[in-house]
1. For Gly340, work out the one condition from (1) out of contact with any helix residue (DSSP H, G or I) (no Cβ under 7 Å at 6 or more places or on another chain); (2) in contact (Cβ under 8 Å) with a residue 12 or more places away in the chain it doesn't fulfil.
2. Since Glu122 meets every condition but one in (1) acidic (Asp, Glu); (2) part of a loop (DSSP other than H, G, I, E, B); (3) touching a residue at least 24 places away in the same chain (Cβ under 8 Å), which condition does it not meet?
3. So is Ala215 in the same structural domain as Leu170 (by TED's automatic domain parsing), of a type in the set (A, V, I, L, M, F, W, C) and not in a loop (DSSP other than H, G, I, E, B) or not?
4. From Asp162, Asp100, Asp120, grab the single residue that is acidic (Asp, Glu) and within 28 Å of Ile386 (Cα to Cα).
5. Is it the case that some residue within segment 65-76 is over 24 Å from Ala139 (Cα atoms) and either in contact with a helix residue (DSSP H, G or I) (Cβ under 9 Å, 6 or more places away or on another chain) or not charged (D, E, K, R) (or both)?
6. Can Ala324 be described as among the hydrophobic types (A, V, I, L, M, F, W, C) and surrounded by fewer than 18 Cβ atoms within 10 Å (Cβ to Cβ)?
7. Taking only pairs six or more apart or across chains, which ones have beta-carbon atoms under 7 Å, a first residue in segment 242-255 that is assigned by TED's automatic domain parsing to the domain that holds Arg71 and farther than 17 Å from Pro125 by Cα, and a second residue that is loosely packed, with under 15 Cβ neighbours inside 10 Å and at pLDDT below 95?
8. Would you be able to say whether some residue in segment 63-81 is closer than 30 Å to Leu234 by Cβ, surrounded by fewer than 13 Cβ atoms within 10 Å (Cβ to Cβ) and among the polar types (S, T, N, Q)?
Amino acid sequence: MQMICALLVFQTGELPAPLGRLSPWLDWTGAPRDEILARLSAQDHRRFIKTHTPLDGIPVDGRATYIVVARDPLDMAVSLYHQGDNIDRARLRQLTGQPDPADRPPPRPSLHSWLLGWIDWEGSPLGQMDSLPGVVWHATDAWARRHHPNIVLVHYDDLSSDLEGTMRALAARLGIAVPEATWPVIVRAARFEEMRARADTVAPDPADILKDRRAFFRRGTSGAGREVLSPPELAHYRRRVGLMAPPEVSAWLHHEGDQRETSLSVRRLRGRVAGGRGDLAHWMTEYADLYRRVTDVALFPGSLNVVLDHEYRLPPHPLRLEPAEYGGRVGMNLVPCRIGAIAGFVVRTDQNEAGTGHHGRHVVEVAAAVNLREALGLVDGDEVEIVIGD
């Protein structure tokens, strides 16, 4: 994901510096904190920062977007095991000021034995974030925030099965416009094989702690964990996950069932119905033909106001009614959506999107071909869900 963000920001396959310098790992102890912060402060491009800390352990700022990448926990664990063999422990101790061990460390267990121990580890997730309890804790917290406007959930398997589609959807969520001719270049640079071939500059190793940077890109496909365990051991693993995670979180982690809930192209906004000023009904009546030409729908004059508990920002390239054709004073944006079983449009003026209009960005207005209050039997205070991009 670091590489994908770099490619979207710089829009070239030839990055201006090694990836580890462009995107520091903020919570890694191998570099002085002041040095990392100074490097970030000097950057004049859009920043993208790596962290392994769950969302509940870092400040969540409305000015930043947080991308949480999930992976099958067993595959993550197998990768962790192999990466452990690729770390130069002496170099790591040197960077972190740790003494050399007094005794020779015992031989490492086999992958199979180690993985069974990882599955059954009973400690606190706060003490070992790369344990199974830690992975589930991280995923459960991210899942609970999935409807927040600046929280984006991505699954590793989507990057493998549809890299370009996922990159395009991510660019839209980040508000990054990429010229069409650039897409083949940056998608190719993001592919696993290409990154492994360029491991010297794209492996996350700014302090030279990896024995072999190419070995960091070991496999790149899913299923490694299931290959190691027997059917009874897999069943035991799923029971363990079931004790820690709600079913929907387990389904997301294992990429099972309907994934639309976390699709990059789908937003689900939940809020409560509220009264409005009535101004929009007048303009929708006066410019009914213009609305119909843009939406191909004869919209009911008026909108349903929904108050969210967070801000909603428009996606790039909404449908538009320009000021010159809409009374000369204000532009109108329209985004296709669905509320209940009824198709409609989120409608928002340029002023409201800028935060200077009558409604704040936590208010969403929805227009449809019918009176939504009557069609859905809604009154002020009712909770509704608006689905965008389904």
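The values are calculated or read from the model by the stated rules, or taken from the named source; none is laboratory data. Since this is a predicted model, take the numbers as computed values, not measurements. Cβ placement follows ideal geometry from the backbone for every residue including glycine, while neighbour counts extend to all protein chains displayed.
1. Condition (1) is where Gly340 drops out.
2. It fails just one condition, (3).
3. Judged against the criteria, Ala215 is a match.
4. Only one candidate passes the filter, namely Asp162.
5. There is no residue in segment 65-76 that is over 24 Å from Ala139 (Cα atoms) and either in contact with a helix residue (DSSP H, G or I) (Cβ under 9 Å, 6 or more places away or on another chain) or not charged (D, E, K, R) (or both).
6. yes
7. Cβ pairs passing all conditions: Ala251/Gly257.
8. For segment 63-81, residues closer than 30 Å to Leu234 by Cβ, surrounded by fewer than 13 Cβ atoms within 10 Å (Cβ to Cβ) and among the polar types (S, T, N, Q): absent.
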